[in-house]
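Have a look at the structure below before the remarks.
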Amino acid sequence: MIIVLDFGGQYNQLIARRVRECNVYCEVHPYTTPLDELLAMNPKGIILTGGPNSVYDMKSPHYDTALFEAGIPILGICYGAQLLAWSLGGKVETAPVSEYGKTDIDIDTTGTLFGRVSKKTVGWMSHTDYIAALPEDFRKTASSSVCPFAAFEDDKKKLYAVQFHPEVTHTVEGMKVLSAFVYDVCGCKGDWKMGDFVDSTIAAIKEKVGDGKALCALSGGVDSSVAAVMMSKAIGKQLTCVFVDHGLLRKDEGESVDAVFGPDGPYDLNFVHVDARERFYKKLAGVTEPEQKRKIIGEEFIRVFEEEAKKIGAVDYLVQGTIYPDVIESGLGDSAVIKSHHNVGGLPDYVDFKEIIEPLRMLFKDEVRRAGLELGIPEKLVYRQPFPGPGLGIRIIGDVTPEKVKIVQEADAIYREEIAKAMEGGVIPKYGQPGTIGQYFAALTNMRSVGVMGDFRTYDYAIALRAVMTSDFMTAEAAQLPWDVLGKVTNRIVNEVEHVNRVMYDCTSKPPGTIEFE
Ligand code: XMP
């Protein structure tokens, strides 16, 4: 295992993820972890991360200098590089100019980490301090126009440092640097698999929960499904999954969740399917303001969940499918806070439980999907689209009625069917492959317009189709879907879905649009 020691930088989980991409297991631990605890984990190497502080400020995070004498290979990145230099007697100062973004770097290819890197390369920099003088016995292995010591090493002591960020893709040859560290320096074999993570997480859950009870709010989305299956493999019937059908699900979604998690499905767990459609429709009747709709759906979800939780009685653990991007959104280190912007729309803070279990907290979405496949969850579920907690409620502009839900469900089902066919036929990349669409769905605009069908005038709704390319869902571009595919979808929707006579394609990127309509 490699340990990433977290000094508060933005990319810390990304470093861990890059190490895992080398098939080497990696965990992130805070810099407050005592040295003996760190050593007890028996890491093959330790990576010190970046961070927002100045190392010469005594209030900044520092670390026991005995770490550097422990004989474990260490790689300092950015603040981590400065900390390593400063701790061992080097000089760190404010740089004459800050370096941000892509930066030309001169590499000494005899450097231990740089054997496979070009002599002139590009690295991503983000720093205002720099290393002005190296500690004794270190040698420079890279420089930039601002940084005389953009990388340095003491190969005998197996201490290495880079001022730039090898973990971000803008550092073109960053993976060569990281893989040299984990394979060549730390001697990791690269034989770790996602299956190992799954197995060890299941074992850890088993030990933690013992004979206690756990409750999981299942949305049917990827994250909560993977978390639920992992839990069920660990504790079987001690787990109860509650699935709330708020009447704003995609077509046949309730049935497909039942098929996987219900009594006829392959998993050993208690499953409660709550049909709460009517009460949601009642609460939403006549409400048009998007935020109010979101609030109503979120609150009602909590009510229903609470009622079900009460029936089950006191539980020891609440299971959440939180993944790493959710953790960033809510701010690091606040694991006990239950987030409102989550797959299940936020959970009550007074459900009677001792602790929250978040087995996927360290993983990125694509890693969660890989874990899902390892757990034997059907591909159809693993590669399903992100679906917001408020569901179709925010894809129907204006007030929500059961009739409108039906229209958007039918249109969306056709759109998904045709996209699936286009993926199968190789017309567009399959979900999960490079260049794939990040998210696509149909929305019901609150607009009606005149059309003609047969010889009759129609005055019906317009459906909007959206498809975006995105990796992080923070920014997105409209996908350039083949005209043939869009034509086929349009044709089918206007012919097969009652009360729709027009289909439009949304070409807006995010920003200024958002991915969802409300
Ligand atoms: P926006 O519309 O903000 O969406 O560009 C970005 C991503 O977040 C999803 N989304 C939600 N997911 N609860 C969720 O679990 C929500 O309330 C919610 N609102 C938006 C959206 O589907 C997209 O993937």
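The values are calculated or read from the model by the stated rules, or taken from the named source; none is laboratory data. Quick caveat: nothing in here was measured; it's all calculated off a predicted structure. Note that we place each Cβ from the backbone using ideal geometry, even for glycine, and neighbour counts take in every protein chain shown.
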Can you tell me which of (1) more than 16 Å from the ligand (Cβ to nearest atom); (2) closer than 30 Å to G262 by Cα; (3) among the charged types (D, E, K, R) is the one K176 doesn't meet? (2)
Going by the structure shown, is Y25 at pLDDT below 95, within 23 Å of the chain's Cα centre (by Cα) and within 20 Å of Y130 (Cα to Cα)? no
How many residues, within region 457-509, are more than 21 Å from I397 (Cα to Cα), surrounded by 16 or more Cβ atoms within 10 Å (Cβ to Cβ) and of a type in the set (S, T, N, Q)? 1
Is it the case that some residue within region 205-222 is at pLDDT 95 or above and among the hydroxyl-bearing types (S, T, Y)? no
Return the residue satisfying two criteria in turn: it lies in region 448-479 and is of a type in the set (S, T, N, Q) and away from the ligand (no atom under 16 Å from the Cβ), and of such residues it is farthest from Y324 (Cα to Cα). T458
Filtered residues of region 202-227 (kept if more than 16 Å from the ligand (Cβ to nearest atom) and in a helix (DSSP H, G or I)): I202, A203, A204, I205, K206, E207, K208, V209
For the list (1) modelled with pLDDT of 95 or more; (2) touching a Gly at 6+ places or on another chain (Cβ under 7 Å), I need the number of the one condition that M231 fails. (2)
Would you say E167 is assigned to a strand (DSSP E or B) and closer than 27 Å to M1 by Cα? no
Which condition does T65 not pass, out of (1) within 26 Å of L38 (Cα to Cα); (2) modelled with pLDDT under 95; (3) among the β-branched types (V, I, T), if it passes all the others? (2)
Considering region 383-413 alone, what residues qualify as being under 16 Å from R279 (Cα atoms) and either under 23 Å from the mean Cα position of the chain (by Cα) or within 16 Å of the ligand (Cβ to nearest atom) (or both)? P390, G391, L392, G393, V400
Checked against (1) farther than 26 Å from L363 by Cα; (2) touching a residue at least 60 places away in the same chain (Cβ under 8 Å), G45 satisfies every condition except (1)
Do the conditions hold for D199, that is, is it free of Cβ contacts under 8 Å to residues at least 12 places away in the same chain and outside any loop (DSSP other than H, G, I, E, B)? yes
Which residues, counting only those in region 480-518, are within 16 Å of the ligand (Cβ to nearest atom) and small (G, A, S)? S509, G513
